[in-house]
Amino acid sequence: MQGAWRTVSEQAYGELTGRVRGNLLTYTWVERDGVSAGGAVRRGTGYFVYVIREPENVHELYGERHAAHAGAEIARARKWTWVEPDLWNVRPSGSYSGGETDEADYYMDAGDDDM
């Protein structure tokens, strides 16, 4: 499974790869400073639990991510179900423009491991 995200402020963007088992995703990630080319790079591991809230049909991820030499960070994201996954457009130079939210937006391409 592969995924990508960009923070609403466009201060950072990242990519993850992992394995899906039921509604649990375990992954490794790389996040880059989105402000300037050659910015800071952070790496780590984490997990997400995939939840669909009814009756609104809101797809969300809840979990933690861990960076090397740092503590755990709570991670939360909301899937935009009306947008086709395009991992390349999540990067700051992409043409993607999203709606307003206070969480990181993400695209997931689960392939054969659909969540």
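Selection of the range 1-25 for residues being free of Cβ contacts under 8 Å to residues at least 60 places away in the same chain and surrounded by fewer than 15 Cβ atoms within 10 Å (Cβ to Cβ) yields S9, Q11, T17, R21, G22, L24. Return a yes/no flag: does the range 20-38 have any residue that is modelled with pLDDT of 85 or more, over 12 Å from the mean Cα position of the chain (by Cα), part of a strand (DSSP E or B) and basic (K, R). Looking through the range 20-38, at least one residue is modelled with pLDDT of 85 or more, over 12 Å from the mean Cα position of the chain (by Cα), part of a strand (DSSP E or B) and basic (K, R).
Pairs linking a residue in the range 67-91 that is over 22 Å from V41 (Cα atoms) to a residue that is among the hydroxyl-bearing types (S, T, Y) and in a loop (DSSP other than H, G, I, E, B), with Cβ atoms under 8 Å and 6 or more positions apart or on different chains, are R78/T101.
The values are calculated or read from the model by the stated rules, or taken from the named source; none is laboratory data. Note that the coordinates shown come from a computational prediction; the quantities given were computed from them, not determined experimentally. Methodologically, a virtual Cβ is constructed for each residue, glycine included, from the backbone with ideal geometry; neighbour enumeration extends over all protein chains shown.
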